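Chemist: Please find one structure pasted underneath; my questions will follow.
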Amino acid sequence: MRALIAKRTEKGDPLSDGVKRFCKAFGLFGGVINVKTDWAEALDLSLVPNESREDVRKAFQDENLRSLNAALGPEGRQQWPGLVFSNREILARAGLYESHLLHALVFSCSTPKYDQRVIEEMIDYADRERLLNAGDPLPPMETYTLYRGCSGTPEQRRVRGFFWTSRETTARRFAWFWHLPNPVVYQIQVKADAILVYDNLWNQDEYLVRVPQRVTPILVEDGE
């Protein structure tokens, strides 16, 4: 339906009253017709430096995540998760929130700076099926053995955090990444229903996991 509306409006065809009512009911546009481009004009880019805003807006509009990564730059990339979440309603109406959230969390190195509850709120806003489909196909397994690298004080470690990998060596690298004391690696075993999305964009076999309360992470490597 969205593609049909976009195609008709691109050609300048008027929309019927029925289609307009459908769009209004499902939030496809708010009193405007061009659903392909106008949602990008409504984005709040106050977190982005002035000189980068038009490039960032265009990358959002073109749904080009790599261009968005480049347009944000190293500094702006730290704000990417917050940028996506502050525009969650607009992106959700465009059907893009989940893919942008995933890549904001994966591309950004700032997630340890976000309160765990904030990340959870970002994830809770996502549609579960769309989030799963935004990543790579989930490898079929009966049980997933995953690892998480942490460091710092027990409070800083976030042992039950969302990001895990099937590679112990990758987890170890993340444990040492922040140059904090006491790097450690934890292991969990979970079923597929605990996995929110799988992403292998950087060949790191990353899993976004909501660790069930019944699962206790096991310390498998202590760098102290």
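The values are calculated or read from the model by the stated rules, or taken from the named source; none is laboratory data. These numbers come from a predicted model, not from an experiment. When we count neighbours, we look across all protein chains shown, and the Cβ atoms used for this are built from the backbone with ideal geometry, even at glycine.
Conditions tested, residue by residue: (1) basic (Lys, Arg); (2) outside the structural domain of GLN204 (by TED's automatic domain parsing); (3) touching a residue at least 60 places away in the same chain (Cβ under 8 Å); (4) buried (at least 20 other Cβ atoms within 10 Å of the Cβ).
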| site | (1), (2), (3), (4) |
| --- | --- |
| GLN61 | no, yes, no, no |
| ALA70 | no, yes, no, no |
| TYR97 | no, yes, no, yes |
| GLU129 | no, yes, no, no |
| MET141 | no, no, no, no |
| TYR144 | no, no, yes, no |
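Chemist: Let me ask something else. Working only within region 201-224, note down all residues that are of a type in the set (A, V, I, L, M, F, W, C), outside any strand (DSSP E or B) and touching a residue at least 60 places away in the same chain (Cβ under 8 Å).
Modeler: The answer is LEU201, TRP202.
Chemist: Tally the residues that are at pLDDT below 85 and of a type in the set (Gly, Ala, Ser), restricting the search to region 63-83.
Modeler: Matching residues across region 63-83 total 1.
Chemist: If you don't mind, there's one more thing I want to ask. Go through (1) surrounded by 20 or more Cβ atoms within 10 Å (Cβ to Cβ); (2) in contact with a strand residue (DSSP E or B) (Cβ under 8 Å, 6 or more places away or on another chain); (3) part of a helix (DSSP H, G or I) one by one and return the number of the condition ARG148 breaks.
Modeler: All conditions pass for ARG148, except number (3).
Chemist: Mind checking whether some residue in region 158-167 is under 17 Å from ALA104 (Cβ atoms) and among the polar types (S, T, N, Q)?
Modeler: no
Chemist: Going by the structure shown, is LEU102 touching a residue at least 24 places away in the same chain (Cβ under 8 Å), closer than 28 Å to VAL185 by Cα, under 11 Å from the mean Cα position of the chain (by Cα) and not in a loop (DSSP other than H, G, I, E, B)?
Modeler: yes
Chemist: Further question on the same structure: Tally up the residues in region 17-46 that are part of a loop (DSSP other than H, G, I, E, B), modelled with pLDDT of 90 or more and surrounded by 12 or more Cβ atoms within 10 Å (Cβ to Cβ), please.
Modeler: Matching residues across region 17-46 total 3.
Chemist: Suppose we keep only residues that are buried (at least 19 other Cβ atoms within 10 Å of the Cβ) and touching a helix residue (DSSP H, G or I) at 6+ places or on another chain (Cβ under 7 Å) within region 201-210. Which one would you say is nearest to PRO137 (Cα to Cα)?
Modeler: My answer is GLU206.
Chemist: In region 171-200, what residues are exposed (fewer than 14 other Cβ atoms within 10 Å of the Cβ) and either part of a loop (DSSP other than H, G, I, E, B) or of a type in the set (A, V, I, L, M, F, W, C) (or both)?
Modeler: Answer for region 171-200, where residues must be exposed (fewer than 14 other Cβ atoms within 10 Å of the Cβ) and either part of a loop (DSSP other than H, G, I, E, B) or of a type in the set (A, V, I, L, M, F, W, C) (or both): TRP176, PHE177, HIS179, PRO181, LYS191.
Chemist: To continue, here is another question. For region 144-155, enumerate the residues that are β-branched (Val, Ile, Thr) and over 24 Å from the mean Cα position of the chain (by Cα).
Modeler: THR153 - this is the single residue of region 144-155 that is β-branched (Val, Ile, Thr) and over 24 Å from the mean Cα position of the chain (by Cα).
Chemist: A follow-up question, please. May I ask you to list the residues in region 147-188 that are without any contact (Cβ under 8 Å) to a residue 12 or more places away in the chain and among the polar types (S, T, N, Q)?
Modeler: Answer for region 147-188, where residues must be without any contact (Cβ under 8 Å) to a residue 12 or more places away in the chain and among the polar types (S, T, N, Q): just THR169.
Chemist: OK, next. So TYR114 clears everything in (1) farther than 23 Å from ASP193 by Cα; (2) in contact with a helix residue (DSSP H, G or I) (Cβ under 7 Å, 6 or more places away or on another chain); (3) in the same structural domain as ASP62 (by TED's automatic domain parsing); (4) buried (at least 19 other Cβ atoms within 10 Å of the Cβ) except one condition, right? Which one?
Modeler: (4)
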